[in-house]
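**Student:** The structure's right below; bear with me while I get my questions together.
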Amino acid sequence: MADTIESVAKPHPLEAPAAPADDTASRVPLADGLKDGTPALPPAVERPAKDAQVLFHGAEKASHELAEIPATVVRRLPGDLVAAEGYVEAKMPVIEALPLPDLVYGGGVLVAVVILQAIGMRLLSGRFEKRALCVEQRSGWWSVDLLLGFTVFRMLGLHLLSIVLWSAALVYGGIIPGWPAAARFAALSYTTLGSHLVLSDEWHMLSPIIAISGMFTFAWTASVLVNIVGKCNELRAVAREARHKRRDARIHPTDGAPPGDATEAAASEADQSRSG
């Protein structure tokens, strides 16, 4: 019995010993440089992933480069215009009062503000015309007043956007560090009130240019507002006429009735008078 148990326990001479358990062969090969055990991506997925990563880094780099454009222009503009400014000053001494960096940089931002104003006014006028048609059908007093109030509020927002654009030009250009000071200077100059903050000599004409842009946009807004107020007065006249018609219809209900209805109404009144 013992011999039998021993023969069973011993391995057969033709059988190879079992290899130790090892899951290395069952693992998916790891990507080069990955140490956290993440399996390698298939080539069809790995290439788009790398392209997306490169695109993300490129977009991030582009945003920083776009933000640095005004500062780069402000730093290089005075030096690049030295030769041209010297030549112009030799021919026209009056240019000393109007330095070229102010005219070029400030004029560019002024054109951007005017374009913003044009886009905003076109959208505002189109929105007002659509709402005016709806108000004309309703013929309500409060509808006209609310339409005028919302339109004026949109005009205010458009001017605030222009001030933000000037503030961004001052901050990203490195002319005024800090958004609060730049916004205060831009707002006071834009409304022609004037600021106590004095810029450097090479940018001393920037404040009048901001004021000129404000005068352009305010005059434009005033002309559009005159037309809008005239249209609102017409809508009020329509609402007043519709109100008078409704009142007359309540006071004289038979005035707008057909002839047959008027005859029947007169006959009923005559019957009531006889019975009385």
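**Student:** Find out how many positive minus negative residues lie around A132, taking Lys and Arg as positive, Asp and Glu as negative, among other residues whose Cβ is under 15 Å from that of A132.
**Tutor:** Once all neighbours under 15 Å are counted, the net charge is +3.
**Student:** Still on this structure, I have one more. I need the shape label for the stretch 157-203. Rule: rounded when a/c is under 1.5, else prolate if a/b > b/c, else oblate, with a, b, c from the alpha carbon gyration tensor.
**Tutor:** Since a/c reaches 1.5 but b/c is at least a/b, the shape of the stretch 157-203 is classed as oblate.
**Student:** Give me the net charge for the shell around T151: Cβ to Cβ below 14 angstrom, other residues only, Lys and Arg +1, Asp and Glu -1. Walk me through the intermediate numbers first.
**Tutor:** Details: positive: R122, R127, K130, R131, R154, K231; negative: E129, D145.
Net of charged neighbours comes to +4.
**Student:** A further question follows. State the Kirkwood hydrodynamic radius of the stretch 99-252 in Å, one decimal place, computed from all pairs of distinct Cα atoms.
**Tutor:** Result for the stretch 99-252 stands at 17.7 Å.
**Student:** A further question follows. Relative contact order for the stretch 99-252: what is it in percent, counting Cα pairs under 8 Å that are at least 6 residues apart? Spell out each step's value before the answer.
**Tutor:** Numbers: 117 pairs, mean separation 52.7, N = 154.
Once divided by the residue count of the stretch 99-252, the mean separation gives 34 percent.
Taken together, the values in this text are just the output of simple stated rules run on the coordinates, not laboratory data. If you're wondering where the values come from, they're calculated on a predicted model, not measured in any experiment. Glycine also receives a Cβ, built like all others from the backbone with ideal geometry; neighbour counts cover every protein chain displayed.
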